[in-house]
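Here is the structure we will look at, set down as structure tokens.
The values are calculated or read from the model by the stated rules, or taken from the named source; none is laboratory data. Note that this is a predicted model, so its numbers are computed, not measured. Positions of Cβ are generated from backbone atoms using ideal geometry, with glycine treated the same way; all protein chains shown enter the neighbour counts.
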There are 2 protein chains.
Amino acid sequence: MVKTYVFGHKSPDSDSITSSLVMTNLEKELGNTEVQAYRLGNINKETEFILNYLDIDAPELLENIEDDANVILVDHNSPSESVENLENANILKVVDHHKLALKTSYPLFLRFEPVGCTETILCKLYEENNVEITKEMATLMLSAIISDTLLLKSPTTTEDDKKAVTKLSKIAEIDVEEYGLKMLKAGTDLSSFSIEE
Amino acid sequence: MVKTYVFGHKSPDSDSITSSLVMTNLEKELGNTEVQAYRLGNINKETEFILNYLDIDAPELLENIEDDANVILVDHNSPSESVENLENANILKVVDHHKLALKTSYPLFLRFEPVGCTETILCKLYEENNVEITKEMATLMLSAIISDTLLLKSPTTTEDDKKAVTKLSKIAEIDVEEYGLKMLKAGTDLSSFSIEE
Ligand SMILES: [Mn+2]
Ligand SMILES: [Mn+2]
Ligand SMILES: [Mn+2]
Ligand SMILES: [Mn+2]
């Protein structure tokens, strides 16, 4: 079976990193065993907080892909925000919540919804495919929704995001406000900057 | 509530016409009452056979749309195959099985799958949303899948199309081979051409 690369956008945020992990798990559950999550850049402080909370590793860094590589894009679709050589890849699927900026010469699987976070869509895909959402997956999804919607307060927040948070916080056994504020605060942690900055 | 126009591509085939009707019904079932199916050109002989079989009218002809009109595209996404003034419309949703040829400046709902027919995707959308597929809707969906896949024999045919046909033929109470051959034959009916042609 040929390998499939799953990744979010360059300068990855928490939605891009967690969605690559959550989408990879979904593909495996659906029988695509040769699938692997990647990242297109360094992990930020907020994402580091999430991965530390779960004690899991960040996806491997992806520098470039070979011609005809099978790829799945999450949390982006614009080639300018994606991997080098995307134009020669075989894009199998895209799950995203941004404006449409991709063209293809072949049909593919697309699942876009105008919601606050890619993980809100992935949460639906797990349900529709009757794939169990584990505590770890729920924590990843929930963290990204909190991040993208700023604790459900951003103007991009929809009813679907709120429903997902209610469902996922139960599975993850997480107090949304308490965990969310700690997580968002970790993202604004300036302790790694020197005094001059 | 603002009106929503639902339509398939120019020079409409049976998938474009039936999908506009089936998508409109789905939207109504989901609470979007101000939605209406349209066509971007004349009905062909095959589609006429389907509409006559069900004794239903063809969708109204759409010449153009006003700026900021709400639209839902089915069975196409390329602006070159769509209505005039699409660039100034507000595209709410696209359900399609073709290559990706559309760009937008805003997020929207997209459901694309690399299957043989748009109706195969719509059949899934009814299931996922727990909307009943009536005998009439099943007949429309089934007819389009038979048309686009040439009775499940075209190279674009997938397992999903076959599953949909099995399910829909039971609801529609239709013998697929018998009905399908009559329908495809109606589409190649040359009786309306003069001897000179
Ligand atoms: Mn992002
Ligand atoms: Mn996002
Ligand atoms: Mn068509
Ligand atoms: Mn079609």
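General remarks:
- Filtered residue count, the stretch B:109-131, keeping only those that are more than 16 Å from ligand 4 (Cβ to nearest atom), of a type outside the set (S, T, N, Q) and touching a residue at least 60 places away in the same chain (Cβ under 8 Å): 2
- Being more than 16 Å from ligand 3 (Cβ to nearest atom) and of a type outside the set (Ser, Thr, Tyr) holds for only one residue in B:119, B:81, B:132, and it is B:132.
- Residue count for the stretch B:98-116, restricted to those that are more than 7 Å from chain A (Cβ to nearest Cβ) and either out of contact with any helix residue (DSSP H, G or I) (no Cβ under 9 Å at 6 or more places or on another chain) or within 15 Å of residue B:81 (Cβ to Cβ) (or both): 0
- Among the residues listed as A:87, A:127, A:119, A:81, the single one being charged (D, E, K, R), more than 10 Å from chain B (Cβ to nearest Cβ) and more than 20 Å from residue B:108 (Cα to Cα): A:87
Okay, residues lined up against (1) closer than 18 Å to residue B:136 by Cβ; (2) within 16 Å of ligand 3 (Cβ to nearest atom); (3) within 14 Å of chain A (Cβ to nearest Cβ); (4) buried (at least 18 other Cβ atoms within 10 Å of the Cβ):
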| position | (1), (2), (3), (4) |
| --- | --- |
| B:2 | no, no, no, no |
| B:15 | yes, yes, yes, yes |
| B:25 | yes, no, no, yes |
| B:29 | yes, no, no, no |
| B:46 | yes, yes, no, yes |
| B:56 | yes, no, no, no |
| B:67 | no, no, no, no |
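- Pair list, Cβ under 7 Å, 6 or more apart: the stretch B:173-187 residue at positive phi, other residue in a helix (DSSP H, G or I) and not charged (D, E, K, R): none
- Count of residues meeting criterion [among the β-branched types (Val, Ile, Thr) and in contact with a Ser or Thr (Cβ under 8 Å, 6 or more places away or on another chain)] in the stretch A:49-88: 4
- Top-ranked residue of the stretch A:135-160 - restricted to ones that are out of contact with any helix residue (DSSP H, G or I) (no Cβ under 8 Å at 6 or more places or on another chain) and either of a type in the set (Asp, Glu) or within 14 Å of chain B (Cβ to nearest Cβ) (or both), ranked as nearest to ligand 3 (Cβ to nearest atom): A:159
- Among the residues of the stretch A:24-33, none qualifies, meaning not one is more than 16 Å from ligand 1 (Cβ to nearest atom), farther than 21 Å from residue A:110 by Cα and at pLDDT below 95.
Table: residues versus (1) in contact with a strand residue (DSSP E or B) (Cβ under 7 Å, 6 or more places away or on another chain); (2) within 14 Å of ligand 1 (Cβ to nearest atom).
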site: A:17; (1), (2): yes, yes
site: A:20; (1), (2): yes, yes
site: A:39; (1), (2): yes, yes
site: A:43; (1), (2): no, yes
site: A:56; (1), (2): no, no
site: A:61; (1), (2): yes, no
site: A:81; (1), (2): no, yes
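- Pick from the stretch B:132-150, criterion among the charged types (D, E, K, R) and away from ligand 4 (no atom under 16 Å from the Cβ), ranking: farthest from residue B:25 (Cα to Cα): B:135
- Among residues of the stretch B:27-64, those that are in a helix (DSSP H, G or I) and farther than 20 Å from residue B:82 by Cβ, counted: 11
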